[in-house]
Structure formats: structure tokens, C-alpha cells
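Input: a single structure, listed below in C-alpha cells.
The values are calculated or read from the model by the stated rules, or taken from the named source; none is laboratory data. Every value quoted in this text rests on a predicted model; they were computed, and no experiment measured them. Using ideal geometry, Cβ is built from the backbone for each residue, glycine included, and neighbour counts are taken over all protein chains shown.
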């Protein structure tokens, strides 16, 4: 038998994000990491919600035969819950999250993943990626259109093709593995792998340092690489089961921890674990009771209440202005008049107040984008600043498909055209002595005569007089993807 010794760490990163959208949970029999997406569309809510929906699996007794089925069903239930919450508010509409979950039963490990968060296994000195990215760059790699080296620096490496968004067809990949004592597992968000070379990550995993120290080193090296994204890792060592060998204290980091406070989750039973995290993820924690103010009557009470009211009004007014001012320094990419457009502000409105306005309508037609990216633009893409918005636009420009009529190859002038003798160029030469005349006109056909035995010669056969090539070929159909 084996057990897990684990550590979870998360950091906001060095970018301009004001909140952590990653969430992770590490327990004796369950490891989960989610990387929320959507920016203003509540990526932190999405990641912490899915973690909260899965945490009940830790400690539940399942055999190796049904683990994959149980894990897949739990993830699909979490996706359904995501759909329900997304419809409850405009602020959560369009949110999504990647997810990697590992569920252990004895030495068997069920792995489920969707998105571009990754899992690695170190066995001996060999480090292997055991999940496959659901990303645009991975698709290019699979099709052989780019190489591994090019993929490391591809401008679209952050674009994912499959995540949990609440749609019924959002399904994870599933696999089963056999754990051995001495194995080391790593689950991480792309805040690590997009900025730190895989060889460097592998070198740290090969060290004999304990999981907590390795996790700290991974976070540290991502920050030294100037990661602009949230970075979250779970490092788990597989050890022989025995008294005190494995970790028993569950750990929650990232958005799930921030939304429920800073303490690590440590309820006594799986049911208590689920209830503790789910209440905060779903926003159902009971609010503290307010002490009733004793009525002392008279003018003092009236004045106190008036001053409190004025203070609250002032705070609300200042807060509203600060919120509006902040919103006007934000940017996102969306759609206007059928074109990809850069907006200043945030995509939500505050009652009658519109908090965004078009900053620049580009020449990229929305219908020329592939369906997946067209939907992402419609749901809006958050930018860190104006420069980041311009970068997103350029990435979308590189993805725009040409119109089919523009890529059809027509024959070049002079290729495949016919050359025929022109009647106006017919020549006639005659003289009084043995004169010869050549005519292309019908009157000259087959006639011979003249005072000095002049000769009139008929037009030579067509193959001697003119050269005619085959008709021009039809336009070559496009060999690349295009839009009719």
C-alpha cells in the first residue's frame, strides 16, 4: 500500500491581475487544480466552484474498477453546476475553468483533465507529461504544422480549445495509472509551464527535497521568469503507507482559499470538507449577526443615525466614483458592427450607466474567425492594458480566415492563351515577273493566273499558319481554409 505526501502553493504572479483565478485542493486521496478563465467574467468563481464540487471525493471509499466513472461523473456534475451559476448573474456569464483531478484508491490513480493545466510524473530520473493540453498550439503540434521549439514561443500558446464552461459537450480526458513508492506527481497551471522551460521543471522534480520545498522552488523560479499569470502547483510524493508517512491535513490554496479565508481546510469528515468549501464557493456562508442598537431616544440617537447615514452615503459615492474611474482604465476586446473591436472600460453596465465604449474598431471581420474564437470575442476577451489589447487583436488577425474568392488562383496573363494569325497582317507581294501573292481572303483560294504566270497561293493549313494552345484551365480551388 502507498500514501501521498503533498504540498500546494499558489501566487498571484507579476502581471496586472488583481485577483488569483487559480484554485487547488490537496488531500490524502484527491488532488485538484483549476485555472479560472474570463477575467471580468469571474474566473476565480469558476475555479473555486469546481474545486468545491469535487472535494467530497476525498475520503470516499471507491474501488479501482469504478474510480474513473465516479470521477468523470463528479466533474460533469461540477460543469452542470457551473452552468447554473453562470446564468445567475451577468458578472458570471461566460466564465470557465481548466481542471485536473487525481483520485487515488490504494495504488491506483484515476486522472481526469480538461484545458491546458498539466500533470507530470517523475519515476526514477525520468519525468513524463501525463496529460495532453487542449490548446490551439497543441493542435498545431498534432497536425505537424509547428515543432516543439516553435511551440514554446508561439504567440497563441495561451489559447485553449476545451475547458469547463457549463456546456454539455465539455468532457474531460480520462486515464488510469499504477502508483509506485518513490513516484512524484506535479500538477500545475500554465503560469508555470508558459514561462519556465520544461527541462528546468524536470530538474527540480528530480531533486530529493520534500514536496513543500520543491513547490516553493517552482513558484520562485516562475516569479524569476517574470510570469504574468497566476501560478499554482501541487507536488505529491508517493510513499509506502505507514504511521505518519503520508500527509493527512487537506490544503486549499488560490481563489478557493481566498474566498473562504486564509485557513487551510481541515474538517474531520468528507461531508464536513464538502460543506465547508461548498458553502463559501456558492456564497452561502451565514453573515454575522448585527447587534441591535439600543434605543436611547432623543436628539442624540437621531444625530448619530444621521451622521452614520451621511458617512455611508459619502463612502458609497466615493466608492462609486473610484469604481467608475477604475473601469475607464480597463480594456477588453469584443465585437462591434461585425468587426473585432477594442473597448475601453468593462463589459458590464451599472444600472443605467454604460461602463464601456468602443476605442478602436478594427478591420477584422468577426465572421472570418474560426467558430471557437468568434464565440470568445463575442463573450469578450479581457486585456491587461491597451498594449495587451493590441496584442490580442494581432493574435486574432493571424487566426482570421481569408475569403475563398481571394485565395482562388487564376491563370496569369499570357498563360494558356491562344495565338492566331490576324487577317489584317496578311501580306501580298506581286511583281510583273514571276510575282507571288499570298492572300488570306476567300477570293484568293485556289486561283492561279496573271499576265506573267503570277501565282496566287491559298492560306496554309492551320497548323502551319497559327499556333493555338489548349483553353485556359479553370480557377484552381483554394488549398487552405477559407470563408465563402
task = Within the range 83-107, count every residue that is surrounded by 19 or more Cβ atoms within 10 Å (Cβ to Cβ) and either in a strand (DSSP E or B) or in contact with a strand residue (DSSP E or B) (Cβ under 6 Å, 6 or more places away or on another chain) (or both).
result = 9
request  = Give me a count of the residues in the range 173-197 that are touching a residue at least 60 places away in the same chain (Cβ under 8 Å) and under 30 Å from residue 14 (Cβ atoms).
outcome  = 9
note = Over the range 58-71, the set of residues in contact with a strand residue (DSSP E or B) (Cβ under 6 Å, 6 or more places away or on another chain) and outside any loop (DSSP other than H, G, I, E, B) is 67, 68, 71
remark   = Residue hits (the range 229-252; surrounded by fewer than 16 Cβ atoms within 10 Å (Cβ to Cβ), at pLDDT 90 or above and part of a loop (DSSP other than H, G, I, E, B)) are 249
ask   = Looking at 189, 175, which is the one that is in the same structural domain as residue 28 (by TED's automatic domain parsing) and surrounded by fewer than 16 Cβ atoms within 10 Å (Cβ to Cβ)?
value = 175
